[in-house]
Amino acid sequence: MPAATSNPTNSAVAPLAKAATASPRQVGLSWLWAAAILAALLFAGAFVAARRPRLQQREALVVQTRELAVPTVTVISPVPGQAADGLLLQAEVKPWLETPIYARANGFLKRWLVDLGARVEAGQLLGEIETPELDQEHERARHELAQAEAALALAKTIAQRSAQLVEAGGVSRDVYDQDQAGVVLKSAAADAARAGVRRLEELRAFAQLTAPFAGTITARKTDVGDLIVAGSGKELFRLAQTDRLRARVRVPQTRALAIEPGQTAELLVPELPAHVFPAKVGRTAGAISADSRTLLVELDVDNSGGEILAGSFAQVRFAGIQDTATLTLPGNTLLFRAAGPQVGVVQADGRVELRSLKLGRDFGKTVEILAGVSDTDQVILNPSDALTSGAAVRIVEPLRDREAD
């Protein structure tokens, strides 16, 4: 029997024949599955399209959060100051003499005789303290002195009588010696009582408050009836001699050798811009302060006209000393820590470096920088107290010196 041969036409027609012979139910299920798959694909596409903006927003938020995590700072570069003709330094004007007046006696203030701003002479009475307990002690000491003097007089009389009787044999030598020793003993007791009276008299003299030198009363801190306790440290008056003044300045180490006693200078007071007061270097500390690297200098100023108020801020100008130009920074760039004054400098990689400074003069809004930074450094304005070296920062906008104020 001949073998069956394969016909390609029959193979292609077979599925169509099967489909034609498939039942209507099977055809419907096929269409349902196709529709379900298509719907799922459409839903997935719509879901992805709806979620895409949210994903983009989330990615943008992550980027923004990372940027905000890096603190932003404003920086400024140090500015060279102008070299002045003559060395101009800040000065503190002090009275020639100044002292507080304390009490040396206990009691109550009986009266005060001078008030704030009064001119007084040396030895003038300022006030009186009522001392009832001290007065009673003084009275008792006077009576004890009287008793001691009476006992001494009696002892002398007895000793004289014994001296007469011992020659006649009326008393023994022992009695005579005892009577003579009694005179010495009573004399010592009288001297002690007399010293006690003098001590109390001197204490009573402390009830009179007097001026140790001529000057002006710059403070009265007591009133009638106040309890006064000696040694309590409570200041009753303050006296200052202001017809002569001392102007204290701190000269930088670089200019210290140019200052000598007897050198003339000019005192400038901001409240009196049209006046220039002559001053003379009276004395110097003779050594550079290790804390500020400056030389303390005192200048003598005549203030017989009373135009300058003690305690005022002033400036001293030393003519003939050329002041070199140095860098300056605003005061709000400084950090004061245990290591000394520091500033935060932003490096090229955006990291902070804390640098210690050597400060010079304080110009009010700005401070002279003697060492620690250069004019190309980017110094952080208003740095945080938590700022540390190595911290990452982002610069917002550099400022010039005039804008930093």
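The values are calculated or read from the model by the stated rules, or taken from the named source; none is laboratory data. As the structure is a computational prediction, the values presented were derived from the model and not from experiment. Note that each Cβ is placed from the backbone with ideal geometry, even for glycine, and that neighbours are counted across all protein chains shown.
Of the residues that make up region 205-220, is at least one of a type outside the set (Val, Ile, Thr), within 27 Å of the chain's Cα centre (by Cα) and closer than 19 Å to VAL114 by Cα? So that I can check it myself, show each step before the final result.
Kept after step one, since they are of a type outside the set (Val, Ile, Thr), are these residues of region 205-220: 205-209, 211-215, 219-220.
Filter once more, so that each one left must be within 27 Å of the chain's Cα centre (by Cα): 219-220.
Now narrow it down to the ones that are closer than 19 Å to VAL114 by Cα: 219-220.
For region 205-220, residues of a type outside the set (Val, Ile, Thr), within 27 Å of the chain's Cα centre (by Cα) and closer than 19 Å to VAL114 by Cα: present.
Just the residues that are under 26 Å from the mean Cα position of the chain (by Cα) and either closer than 14 Å to VAL93 by Cα or part of a strand (DSSP E or B) (or both), please, taken from region 271-298.
Within region 271-298, the first condition is being under 26 Å from the mean Cα position of the chain (by Cα), and the residues that meet it are 271, 284-298.
Result: GLU271, THR284, ALA285, GLY286, ALA287, ILE288, THR294, LEU295, LEU296, VAL297, GLU298.
When you scan region 129-142, do you find a residue that is touching a residue at least 60 places away in the same chain (Cβ under 8 Å), surrounded by 13 or more Cβ atoms within 10 Å (Cβ to Cβ), part of a helix (DSSP H, G or I) and not acidic (Asp, Glu), even just one? Walk me through how you get there before you give the answer.
As a first pass, look at region 129-142 and keep what is touching a residue at least 60 places away in the same chain (Cβ under 8 Å): 129-131, 134-135, 137-138.
With surrounded by 13 or more Cβ atoms within 10 Å (Cβ to Cβ) added as a condition, the list becomes 129-131, 134-135, 137-138.
In the following step, the residues that additionally are part of a helix (DSSP H, G or I) were identified as 134-135, 137-138.
Checking which are not acidic (Asp, Glu) leaves us with 134, 138.
Within region 129-142 (the criterion being touching a residue at least 60 places away in the same chain (Cβ under 8 Å), surrounded by 13 or more Cβ atoms within 10 Å (Cβ to Cβ), part of a helix (DSSP H, G or I) and not acidic (Asp, Glu)), the answer is yes, since at least one residue qualifies.
If you go through region 277-292 one residue at a time, do you hit one that is touching a strand residue (DSSP E or B) at 6+ places or on another chain (Cβ under 7 Å), in contact (Cβ under 8 Å) with a residue 40 or more places away in the chain and not assigned by TED's automatic domain parsing to the domain that holds ARG119?
Yes: region 277-292 contains one or more residues that are touching a strand residue (DSSP E or B) at 6+ places or on another chain (Cβ under 7 Å), in contact (Cβ under 8 Å) with a residue 40 or more places away in the chain and not assigned by TED's automatic domain parsing to the domain that holds ARG119.
Of these, ALA91, ALA148, ALA103, which one is in the same structural domain as ALA265 (by TED's automatic domain parsing) and not charged (D, E, K, R)?
On the way: ALA148 fails: in the same structural domain as ALA265 (by TED's automatic domain parsing); ALA103 fails: in the same structural domain as ALA265 (by TED's automatic domain parsing).
Going through ALA91, ALA148, ALA103 in turn, the sole match is ALA91.
What pairs come up if the first residue lies in region 323-338 and is of a type in the set (Gly, Ala, Ser), the second is at pLDDT 80 or above, and their beta carbons are under 7 Å apart, counting only those six or more places apart or on different chains?
Final answer for the pair search is ALA325/PRO80; GLY331/LYS365; GLY331/THR366; GLY331/VAL367.
What is the one condition in (1) modelled with pLDDT under 95; (2) in contact with a Gly (Cβ under 8 Å, 6 or more places away or on another chain); (3) within 30 Å of ALA371 (Cα to Cα) that ILE228 does not satisfy?
(3)
Please enumerate the residues belonging to region 164-179 that are surrounded by fewer than 15 Cβ atoms within 10 Å (Cβ to Cβ) and in contact with a helix residue (DSSP H, G or I) (Cβ under 7 Å, 6 or more places away or on another chain).
ARG173, VAL175
For region 307-325, state whether one or more residues are touching a Lys or Arg at 6+ places or on another chain (Cβ under 8 Å), exposed (fewer than 15 other Cβ atoms within 10 Å of the Cβ) and not in a loop (DSSP other than H, G, I, E, B).
Among the residues of region 307-325, not one is touching a Lys or Arg at 6+ places or on another chain (Cβ under 8 Å), exposed (fewer than 15 other Cβ atoms within 10 Å of the Cβ) and not in a loop (DSSP other than H, G, I, E, B), which makes the answer no.
Kindly establish whether LEU296 is over 30 Å from ARG119 (Cα atoms), in contact with a strand residue (DSSP E or B) (Cβ under 6 Å, 6 or more places away or on another chain) and of a type in the set (A, V, I, L, M, F, W, C). Full working, then the answer.
Values: over 30 Å from ARG119 (Cα atoms): yes; in contact with a strand residue (DSSP E or B) (Cβ under 6 Å, 6 or more places away or on another chain): yes; of a type in the set (A, V, I, L, M, F, W, C): yes.
Judged against the criteria, LEU296 is a match.
So the check is Cβ under 8 Å with 6+ separation or different chains; which pairs have a first residue in region 164-184 that's modelled with pLDDT under 80 and a second one that's among the charged types (D, E, K, R)?
VAL166/ARG173
With the condition kept exactly as written, say whether any residue in region 244-265 is under 22 Å from VAL114 (Cβ atoms) and not β-branched (Val, Ile, Thr).
Taking region 244-265 first, the residues under 22 Å from VAL114 (Cβ atoms) are 244-245.
Checking the rest, the ones that are also not β-branched (Val, Ile, Thr) come to 244-245.
Yes, that holds for at least one residue.
From the list VAL276, VAL251, which residue is of a type in the set (A, V, I, L, M) and surrounded by fewer than 16 Cβ atoms within 10 Å (Cβ to Cβ)? Before the answer, list the steps.
Numbers: VAL251 fails: surrounded by fewer than 16 Cβ atoms within 10 Å (Cβ to Cβ).
VAL276 is the lone residue from the list that is of a type in the set (A, V, I, L, M) and surrounded by fewer than 16 Cβ atoms within 10 Å (Cβ to Cβ).
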